[in-house]
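Just so you know, all these numbers are worked out from the coordinates, no wet-lab data involved. No experiment lies behind these values; they were computed from the predicted model shown. Cβ coordinates were reconstructed from backbone atoms using ideal geometry, including for glycine residues, and neighbour counts include every protein chain displayed.
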Amino acid sequence: MSSIDLIGLGKSFNAVTAVKDLTLSVRDKEFIALLGPSGCGKTTTMNMIAGIETPSTGEIRFNGTDISRIAPNRRNIGFVFQNYAIFTHLSVFENLAFALRVRRLARREVDRRVGEIAALMQLSDRLDWPSARLSVNEMQKLAIGRSAIAEPAIFLLDEPLSNVDAAFRVFMRAELKRIQRTLQQTMVYVTHDQTEAMSLADRIAVLDRGLLQQFDTPAAVYNRPRNTFVARFMGSPAMNLLEGDLVGLNGGTVFDAGARGRLLLDRAEAERLVNGRAPRRILLGVRPEDIRLADPGGAGEGLTLPINFIEPIGPRTILHLGDSAAELKVVTGKGAPYRIGEAVRLVMPLERRRYFDPTSGLAVDTGVLETHVGRSGRHGQA
Amino acid sequence: MARLELEGVSKAYGSVAAVTDVDLLVRDNEFFCIFGPPSCGKTTLLKLWLGLRQPDRGRVLIDGRDMAGVLPGERDLAMVFQNLALFPHMSARENIAFPLRERGAPAAEIERRVADAASRLHITPLLHKSPGQLSGGERQRVAIGRTLVRDPRAFLMDEPIAALDARLREEMRVELKRLQRELRHTLVYVTHDQEEAMSIADRMAIMREGRIVQTGTPDEIYNAPLDRYVATLVGSPPMNVVAGRLSGGSFRDAEGRIALALGADCPDGPVDLGVRPEDLQLIAGEACAEDIHGEVQVIEPLGAFTIVDVAVGRTLLRIDAPGQPDLSLDQPVALRVRPGAGHLFNADDGRTIWPHR
């Protein structure tokens, strides 16, 4: 149990800056994800927390105490790597018992705690097995169990699910959540997979090229991305970003996307954009699942685009719209009755629209979503 | 432009059976996926067509012709590997031309074929670039271009995008499907990723321990699985399966917490009920007699949808709820099975007994 503070943390390898001026605080018992593409600095950050790398600048505090000069083995940290690091010549039991034996715990105590953790990891019927006989999936459970048994104050997990197969990953995500609920440890989880970060973390730190882009709850990062990098990185498929102009028309304001059509803005929305200093040229961001499809001939305005590709993925269908240069994606339910070539009209609910400055990439503050997210009870619709 | 067949094919490595009694027909111009868990025999099927392995029993046919005795190089099939295997020090043009140069083709023919392949793949402006300067999708096109110049009858691909990160995989699979449509070539694609198979296949085969258990369109496989194995292998999270009894067409689990009047015209007895996570709805308003009551155990918000684990007695039901429902741990919730959803499996062998096909 420990809080972590990273203060102005930086790391350079010769001329290359891996992490730059990173400041963030992890609360006691919090599960945070360091998320970003390869080369974003997430593993370097974790290595500095673990003490494997020494920061070039800044400070790391555990429970308010600077630990930058403390050796890795004295930091009370549990580490789970992508490649398990299991002693394959030992049994499952001995692997789990290892950290306890190092501490010379009494045999009864070792038996009791190994029994507990094995039950939690669903490895109770494997305790006598040589660990080399375990499946890849069981190995990963063992790796987590082996670190957890030492009851470290801080648990660091570096892409622990990237080597397991897709089905097991989905299963293990839920297991990890359950384990964290039981263990009540502070966890820092490094991943490039936004799905894992969304589903597991209390808060997500999104990193790109060594810089922190946003640090917030999964819902906030997803619903209110601070810039186009976060908007594109979160979600599957990513948020649609459509370029157009804000122009006055008959006393109102429209978003003009050229040949694709126009979208009349609500008066209050237009006002907020003006107050948020929106540029004339702007990116309209909308999530694929928030777009509703209407008959192109029907009443009301909207953008009309042809369907050029249909991807059924089981519970959902992804429709690809428009030409490939400015493709939009829409997620609908399974068995959607659409055909390639058919034109559809897009209806984008006001409260689900975001706007970005195409030059800086930053979100233009419209204040709409801040109020919407508080009452997110959307499960009635189906 | 080829029909690929296997007729009663079996192949063992030593005493280990890799594939057993496989009958399979891949039609002309079809995008065909072979899907199954690791080491179920998927790759062996490709090797049999390629001629890298000889069947112990049965026949391997390409366009109706028995391939026994035909060397791999004479089968006109193109194999694209997982790592694409491009030469990093050569330009895209040189990479594509490589197999023709190896064969000693005249310079004029090489130029013509490379230009033709590049224009079909829309990579003409990229020919001077090296693989390192290309995006993942472009590299894939170059790798395909290198096989296309040999004018193959069909493409075989073994997990060609499995090593890429999630976002790139999503883009590449669409790219690949588009490409196959444009080229109008038969393509056989091996994958262990069910979403990939579902999203790109015209038809697919599901394998289990060396046997093919079902062949059909992704829609047929997803909505009308032949057995519990197929039902739980496609779809993520997997279909919920609950053991219980059928009596007078109604299902009831052992604890009596899940009771559904399915109207299934099947004999009474032990059955497994299967319900897909997206066919379980969270009920906020008025209750109905068949609602299932449980407590929230795990919430996985994924933005567009949320996966919620609900404990119903000793049974765990996983649901896929749209959007971002406002839920908290241990909260009591009511669930309802969407009308028309639900499958029944024979409790012993797992065969689908209802709905009838």
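For the residues of B:20-26, the average number of beta carbons from a partner chain within 10 Å of their own beta carbon is 0.
If R0 equals 30 Å, the separation of the Cβ atoms of A:Lys334 and B:Asp21 corresponds to a calculated FRET efficiency of about 0.35.
One equal scatterer on each Cα of chain B, no solvent, Debye formula: the resulting log10 I(q)/I(0) at q = 0.12, 0.13, 0.15 Å⁻¹ is -0.94, -1.03, -1.21.
A convex hull fitted around the alpha carbon atoms of the range B:89-177 yields 108 Å³ per residue. Annotation for B:Arg211 and B:Val241: the two label points, set 7 Å from Cα along the Cα-Cβ direction, are 1.5 nm apart.
Given chain A, report the % of alpha carbon pairs whose separation exceeds 34 Å. Result: 41 percent of Cα pairs exceed 34 Å.
Among B:Tyr229, A:Tyr355, the ranking by other beta carbons within 10 Å of each residue's beta carbon, starting with the fewest, stands as B:Tyr229, A:Tyr355. Every Cα-Cα pair in the protein assembly as shown was counted, and those over 41 Å apart are 39% of them. Legend: mean number of C-beta atoms from other chains within 10 angstrom of residue C-beta atoms, peptide B:230-238, equals 3. For chain B, the longest principal axis of the Cα atoms and the long axis of helix B:166-183 meet at an angle of about 60 degrees.
For the pair A:Arg101 and A:Arg27, a Förster radius of 35 Å applied to the C-beta separation gives a FRET efficiency near 0.60, rounded to the nearest 0.05.
For the range B:253-264, putting each phi into the Karplus relation 6.51 cos²θ - 1.76 cosθ + 1.60 with θ = phi - 60° gives couplings of 7, 4, 7, x, 9, 10, 10, 9, 7, 7, x, 7 Hz, in residue order, rounded to whole numbers and with x for Gly and Pro.
Take the Cβ atoms of A:Ile52 and B:Lys129, set R0 to 30 Å, and the FRET efficiency comes out at 0.20.
Less than 5 angstrom separates the built amide H of B:Arg203 from those of B:Phe31, B:Cys33, all sequence-distant by 5 or more or on a different chain. Distance from a point 7 Å along Cα→Cβ of B:Glu102 to each backbone N in the range B:55-83: keep the residues under 18 Å and list them by number. The answer is B:71-83. With θ taken as phi - 60° and the Karplus curve 6.51 cos²θ - 1.76 cosθ + 1.60 applied, the whole-hertz 3J(HN,Hα) list for the range B:222-227 is 6, 8, 10, x, 6, 8 Hz, x standing for glycine and proline.
Expressed as an acute angle from 0 to 90° and rounded to the nearest 10, what is the orientation of the C-alpha long axis of helix B:107-120 relative to the principal long axis of chain B? For B:107-120 against chain B, the angle is about 20 degrees. Here, P(r) means the percent of Cα pairs in each 10 Å bin from 0 to the largest distance; for the range A:1-73 it is 20, 56, 23, 1. Across peptide A:167-174, the mean count of Cβ atoms from other chains lying within 10 Å of each residue's own Cβ comes to 5.
Taking a sphere under 12 Å around the Cβ of A:Ile340 and counting the other residues whose Cβ falls inside, with K and R at +1 and D and E at -1, yields a net charge of +2. With helices as the sole contributors, the protein assembly as shown gives -7500 deg cm²/dmol at 222 nm; each DSSP H run of n ≥ 4 counts as -39500 (n - 2.57), and the sum is divided by every residue. Extending 7 Å from the Cα toward the beta-carbon at both A:Leu127 and A:Asp266 defines two label points whose distance is 6.0 nm. Using a Gaussian network model of chain B in which every pair of alpha carbons under 10 angstrom is joined by a spring, one finds that among B:Arg245, B:Arg228, B:Arg276 the greatest mean-square fluctuation is at B:Arg245. For the range A:85-147, the C-alpha radius of gyration divided by 2.2 N^0.38 Å, with N the number of residues, is 0.99. For the range A:233-373, the equivalent ellipsoid derived from the alpha-carbon gyration tensor has semi-axes of 26, 17, 14 Å in decreasing order. As a proxy for reagent exposure, B:Trp354, B:Trp49, A:Trp129 were ordered by neighbouring Cβ count within 10 angstrom, fewest first; the result is A:Trp129, B:Trp354, B:Trp49.
Annotation: amide H of A:Arg75 has no partner in the under-5 Å range at sequence separation 5 or more or interchain, hydrogens built in the peptide plane.
The Cα atoms of the range B:240-354 cover 41, 25, 24 Å along the three principal axes, with the biggest extent listed first.
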